[in-house]
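Below is one structure, written out as C-alpha cells; the observations come after it.
Bear in mind that the values in this text are calculations on the coordinates, not laboratory data. Since the structure is predicted, the reported quantities are computational estimates derived from the model, not experimental observations. Ideal geometry is used to build each Cβ from the backbone, glycine not excepted, and the neighbour counts take in all protein chains shown.
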Amino acid sequence: MESVLSSGLRIISALWFLALVNYFERVAMGFAGPAIMASLHITPGQFGLILSSFGIGYLLAQVPGGILADRWGARTLLVGGPILWALFTGLTGLVSSISAFVAVRICFGFSEGLSNTSIYKAIGDHFPVERRARVLSICSTAIPLAPAFAGAAIGALIIAYGWQMMFFILIAPSLLAALGCYILLPAPSETRRAAPAGGRFGEVLRSPSLWLLSVACFAWNIPYWGFLGWMPSYLALAHHIDLKSVGALGGLIYLFAFVGLLAGGWLGSSWLQRRCPQLIVGCFLSAALCLIVAYRAHTLTLAVAGLSGTAFFLFGTSGPVGKVALDLAPEDRRGAYVGVYNTAGHAGGALAPAAIGWLVGSTGSFAAGFTLMVTGLGVAAACFIGLVTQSAERSRMRPIACDGGVPASGMSTRDT
C-alpha cells in the first residue's frame with residue numbers, strides 16, 4: 001500500500017508541476033498583452049490573432065500527440081514536450097512583427113499540444129475510475145495558480161526588464177518541468193507501450209460519445225480561452241486599470257478558480273461521482289450567469305465578483321469533464337480518444353481570442369464578446385445533458401490492476 005501511495009504521489013507531483021509551468025507560460029502572453037500592444041503599436045484585433053495562433057498549433061497537435069502517447073507511452077511525450085516549450089518561449093522574445101509572432105506562437109502551441117493528451121493518458125493508466133476526477137482536479141489546481149502568480153510576476157518582470165527579456169527568463173521553468181517528469185514518472189512496460197494499429201482508430205472515430213464530447217469541448221473552449229486570453233485586457237481596457245493592478249486582481253480571480261477546481265474534483269469523486277455530467281451542466285450554466293453579471297457591472301468590485309464566480313464554476317468542471325472523457329474512452333486508445341475530441345474542442349480555443357478581439361475592435365465594446373462566451377457555455381451544457389446515460393453506464397465498470405502499482409479502469413476497448 002505504501003508503494004502504491006508513493007507511486008501515485010510521484011505521478012501527481014510531476015503532472016502538477018508540468019501543468020503549472022504549462023499554463024504559466026501559456027497565459028504570459030495575455031498578461032503581457034498591453035505592454036506588447038503599446039510597444040509594437042498593434043490593435044486589439046491583431047493581438048487577438050496572435051493569441052489565436054497558439055490555439056491553432058495546439059489543436060493540430062492533439063491527435064498526433066494522442067497516437068504517439070498510445071504508442072510510446074505518456075512519459076516520453078511529457079519529457080520531450082517541455083523541452084520544445086523552452087525553445088519557442090525563448091523565440092517569442094526575439095520576434096517583432098505580427099507574422100513572426102503568429103509563426104512562433106503556432107509552434108509553441110503545437111509543442112504544448114503534443115503533451116496535453118499524455119496527462120490524461122497517464123492518469124487513466126495509473127488511477128482507478130473513482131479517483132480520476134479528484135486526481136485531475138488536484139493536477140489542474142496548477143492551472144489557476146499559474147495565472148494567479150503570473151499576473152504579479154510577469155508585471156514585475158516587464159516593468160523591470162521589458163517583455164522580451166521576460167520570455168527569455170521563462171525558458172528555465174520548462175526545462176525544470178522536463179527534468180521532473182523524467183525523474184518522477186514511471187516508464188511504461190513493454191506490454192503497454194504499443195497500442196494496436198489499424199482499424200481500432202477507426203472504431204474510436206465511430207464512437208457517438210466522442211462526437212458529442214467534441215461539440216461540447218468546442219463550445220466550452222470559447223469561454224475558457226476567451227476568459228484566459230482577454231480577462232486581463234478587459235480589466236485594463238474597460239475599467240482603466242494599470243498593469244500592476246490587473247496582475248493583483250487577476251491573481252484574486254484565479255484563487256476562486258483554485259477553490260472551484262478542488263470543489264469540483266471532490267464532488268466528482270464522492271457524492272456526485274455517478275452524476276458528473278449533471279454537475280458539469282450546473283457549473284456551465286452558473287458560469288454563464290456570472291459572465292453576465294461581470295459585463296453588466298457598473299463598478300469594478302461587481303465586475304471582479306462576476307469574473308471570480310465565472311472562474312470558480314468554469315474551472316470547477318475540469319476534473320469532472322476529464323473523468324467523463326476517461327470513463328468513455330477505450331482503455332488502450334485513451335490518448336487517441338482524448339486527442340480527437342481535444343482537436344475539435346480546441347478549434348473553439350483557436351477561434352475565441354481572435355473572434356473576441358475582432359468583435360471588440362469592430363463594436364468598441366466587450367458586449368458581443370461576452371455574448372459569444374455565454375452562448376458557448378449554453379451549447380456545452382446541452383451536450384453534456386446528452387452524455388448523462390452513457391457516462392453513468394461506463395462509471396460502473398469494474399476496476400482492474402495495471403502497471404505502476406495503482407489500479408486502472410477495466411473499461412471495455414469498445415465504446416458502444
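Key figures for this structure:
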quantity: At R0 = 51 Å, FRET efficiency that the Cβ-Cβ distance of residue 156 and residue 271 yields, to 0.05; calculated: 0.75
quantity: Karplus (6.51, -1.76, 1.60) ³J(HN,Hα), θ = phi - 60°, over segment 373-383, in Hz, Gly and Pro reported as x; calculated: 5, 5, 4, x, 5, x, 5, 4, 4, 4, 5
quantity: Among 16-26, 167-177, 108-118, 347-357, the order from most to least packed when residues are scored by Cβ within 10 Å on average; calculated: 108-118, 347-357, 16-26, 167-177
quantity: Estimated distance in nm for a label pair at residue 300 and residue 9, the labels positioned 7 Å out from Cα along Cα-to-Cβ; calculated: 4.3 nm
quantity: Cβ-based exposure ranking for 102, 340, in which fewest neighbours within 10 Å come first; calculated: 102, 340
quantity: Additional length obtainable on full extension of the chain from residue 289 to residue 165, 0.36 nm per residue less Cα span; calculated: 40.7 nm
quantity: Rounded FRET efficiency, nearest 0.05, which uses the C-beta distance separating residue 365 from residue 98 and R0 of 22 Å; calculated: 0.35
quantity: For the chain, radius of gyration divided by Kirkwood radius, i.e. Rg to Rh on alpha-carbons; calculated: 0.95
quantity: Helical mean residue ellipticity (222 nm; -39500 (n - 2.57) per DSSP H run of 4+; nearest 500) of the chain; calculated: -28000 deg cm²/dmol
quantity: Integer Hz, Karplus 6.51/-1.76/1.60 couplings in order for segment 65-75, x for Gly and Pro; calculated: x, x, 5, 5, 5, 5, 7, 9, x, 5, 4
quantity: For segment 319-336, 3J(HN,Hα) per residue [Karplus equation, 6.51 cos²θ - 1.76 cosθ + 1.60, θ = phi - 60°, Hz, x = Gly/Pro]; calculated: x, x, 5, x, 4, 4, 5, 5, 5, 8, 6, x, 4, 8, 10, 4, x, 5
quantity: Contact order normalised by residue count of the chain, Cα under 8 Å, 6+ apart, percent; calculated: 29 percent
quantity: Shape box of segment 7-80 [Cα atoms, principal axes, largest first, Å]; calculated: 49, 26, 14
quantity: Cα gyration tensor, segment 307-366 - rounded (a/c under 1.5), prolate or oblate; calculated: oblate
